[in-house]
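None of the figures in this text is laboratory data; all of them are computed from the coordinates on show. In this text, all values refer to a predicted model and were calculated from it rather than measured experimentally. We place every Cβ from the backbone using ideal geometry, glycine too, and count neighbours over all the protein chains shown.
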Amino acid sequence: MNKKLTHLDAQGSAKMVDIGEKQVVRRTARAEGSVRLSPGTANVILAAGLPKGNPFEVARLAGIQAAKQTSCLIPLCHDLNLDFVDVQIELAEDELLIRSQVACRWATGVEMEALTAVSVAALTLYDMCKAADKEMAITQIRLVEKTKEQAEP
């Protein structure tokens, strides 16, 4: 298998990938991650005892906004017109599970947008819960799925 870093030229300098010859098709990506909580923090969250308000809704909106701004955060990402972004957050035991789904019709994938959505949602949860839990850990951020529809003949 011939693997290479597509964002480097022959001299090792950073470059943006030219997608001008690629077909515009529908592309989707899903990512996930988690924020591990100390015992008892889940109860504080459920009791809505955090001074900054509902952490799930703020983090969900932060993740959506971040996906739309990915090219501003990551230098070589293309600026995409996203068709759909969704971020869901679920409390499970002593962990906040974060899942994103992103879709667009373009010539490049949306995995960076999906990963950015999860990352910023996790950072927002951390910010909103840090007063109640000094031991939180952001973990397991990863791409779960990436799809590309086949172009019509």
Among THR139, THR124, CYS104, which residue has its Cα positioned farthest towards the positive end of the charge dipole of the chain, with +1 placed on the Cβ of Lys and Arg, -1 on the Cβ of Asp and Glu, and the dipole taken about the Cα centre? CYS104
Could you give the size of the charge dipole of the chain about its Cα centre, using +1 on the Cβ of each K and R and -1 on the Cβ of each D and E, expressed in debye and rounded to the nearest 20? 280
Starting from 0.36 nm per residue, how many nanometres of slack lie between LEU123 and LEU91 once their C-alpha separation is accounted for? 10.0 nm
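Using the 10 angstrom Cβ neighbour count as an exposure proxy, how do SER71, SER119 rank, fewest first?
In order of increasing Cβ crowding within 10 Å: SER71, SER119.
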Among (1) 0.92; (2) 1.06; (3) 1.02, find the value of Rg/Rh (Cα atoms, Kirkwood Rh) that was calculated from the structure presented, and write down its label. (2)
Strictly over 30 Å apart at the Cα level, which of LYS68/LYS130; LYS3/LYS130; LYS15/LYS134; LYS15/LYS130; LYS4/LYS148; LYS4/LYS134 would you flag in this model? LYS3/LYS130; LYS15/LYS134; LYS15/LYS130; LYS4/LYS134
Given a Förster distance of 22 Å, the FRET efficiency implied by the Cβ-Cβ spacing of ARG105 and GLU21, rounded to the nearest 0.05, works out to 0.85
Determine the calculated [θ] at 222 nm for the chain from helices alone, applying -39500 (n - 2.57) to every DSSP H run no shorter than 4 residues and normalising by the residue count; nearest 500 deg cm²/dmol. -8500 deg cm²/dmol
